[in-house]
Amino acid sequence: MIASDLQSGVERLGDMIARAKTIVPFTGAGISTECGIPDFRSPGGIWTRNRPIQFEEFVASQEARDESWRRRFAMEEVFAAARPGRGHRALAALHRAGKIPAVITQNIDNLHQASGFAADRGIELHGNTTYARCIGCGQVYQLDWVKRRFEADGAAPNCTECDEPVKTATISFGQAMPEDEMQRATELSQACDLFIAIGSSLVVWPAAGFPMMAKNSGARLVIINREPTEQDEIADLVIHHDIGEALGPFVGN
Ligand code: NAD
């Protein structure tokens, strides 16, 4: 059912939240646009400017690695300045209230952790861009280290331990999904009685399978997104409005 207006959508969502025992939110780039981080697919989104670099290209080409890191450094001020928005804070309030065990996110911006979810309560399906890892041995690197090496050598660095390339700790297109996170997201989706998909176009798979999985496991499904998604028709409630406006009333004090 598509909410006829914001007010009735928020009221209905409030009822569903009050009745639910276990709520699992699933978030996409739309929850962070009010924090200044552009999404991928809206007009002006990241993809209107840059073609994504596939994992295979990153592994095969120094030029692709250099370009990937140049793009990451160009975004540094945006990521560093971003603070949790109303959507993040509302979910954190429901987490503190014991309604939300963990959040599943496609986002890489660390804002759920910044709003109060412990590291093991933020299930990052696509990793995290606020630090880096060696793609060979998994050694963690801070972005400052990468930047210093890039500036000194004029090229993206390799791992000091095993000499494999160092990449932001994100999952690129063509890269394997993280197994533990997929497993935990599956368990959460199957065990909740209310699943809320927030700010995702629901076109990136396998992540987009979780709303449907929750619905098929008996949960009620809410979708909050400015634009229609392909899963609107199976949702119990669809709110086609701004996320900050829809979740702001749940931020609490
Ligand atoms: P997407 O760009 O495909 O979709 C975002 C959706 O959010 C769009 O449908 C848009 O209409 C909606 N939206 C944007 N701002 C909104 C607002 N204020 N209120 C309501 N709706 C709003 O993003 P996606 O589905 O997350 O998939 C893209 C992939 O891009 C993700 O897997 C993620 O890894 C990555 N990504 C992450 C970030 C981030 O971490 N903040 C930013 C860009 C892309």
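The values are calculated or read from the model by the stated rules, or taken from the named source; none is laboratory data. Fair warning: this is a prediction, and the values are worked out from it, not measured in the lab. A quick note on method: Cβ atoms are made from the backbone with ideal geometry, for glycine too, and the neighbour counts reach across all protein chains shown. These area figures cover heavy atoms from the full protein model, side chains too; ligands, DNA and RNA do not enter into them. Shrake-Rupley method; radii C 1.70, N 1.55, O 1.52, S 1.80 Å.
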Would you kindly compute the Cα radius of gyration of the chain and its largest Cα-Cα separation (Dmax), both in Å? 18.7, 58
Provide THR22, THR105 ordered by accessible surface of protein heavy atoms (probe 1.4 Å), highest first. THR22, THR105
Principal axis lengths of the range 1-99 from Cα atoms, whole Å, largest first? 53, 30, 27
For labels at VAL203 and ASP163 in the simple 7 Å Cα→Cβ model, what's the distance in nm? 4.2
Non-local Lys pairs in the chain, i.e. 8 or more apart or on different chains, that have alpha carbons under 25 Å apart: 4
Out of ALA90, ALA219, ALA152, any idea which swings most in a Gaussian network model of the chain, alpha carbons joined below 10 Å? ALA152
Taking the DSSP beta bridges in the chain as the whole, what percent of them are antiparallel, to the nearest 5? 30
Just the number, please: percent antiparallel of the DSSP beta bridges in the range 88-192, rounded to the nearest 5. 75
Could you work out how much longer the chain between SER8 and ARG71 gets when fully extended? Use 0.36 nm per residue separation minus the Cα distance between them, nm to one decimal. 18.5 nm
How much length is gained on full extension from GLU151 to ASN216, taking 0.36 nm per residue of separation minus their Cα-Cα distance? 18.3 nm
Using the heavy atoms of the protein chains alone and a 1.4 angstrom probe, what is the accessible area of the range 139-212 per residue in square angstrom? 49
Highest GNM mean-square fluctuation among MET182, MET75, MET213, for the chain with Cα springs under 10 Å, belongs to MET75
With all protein chains present, the range 1-127 has a carbon and sulfur share of its accessible area (1.4 Å probe) in percent of 54
Relative contact order, percent, the range 131-253 [alpha-carbon distance under 8 Å, six or more residues apart]: 16
In nm, the gap between the two label points placed 7 Å beyond Cα toward Cβ at GLN139 and ALA118 is 3.0
MET16: net charge of surrounding residues, Cβ under 14 Å, Lys/Arg +1, Asp/Glu -1, itself excluded? +2
Only helices counted: for the chain, with every DSSP H run of 4 or more residues adding -39500 (n - 2.57) and the sum spread over all residues, [θ] at 222 nm is -10000 deg cm²/dmol
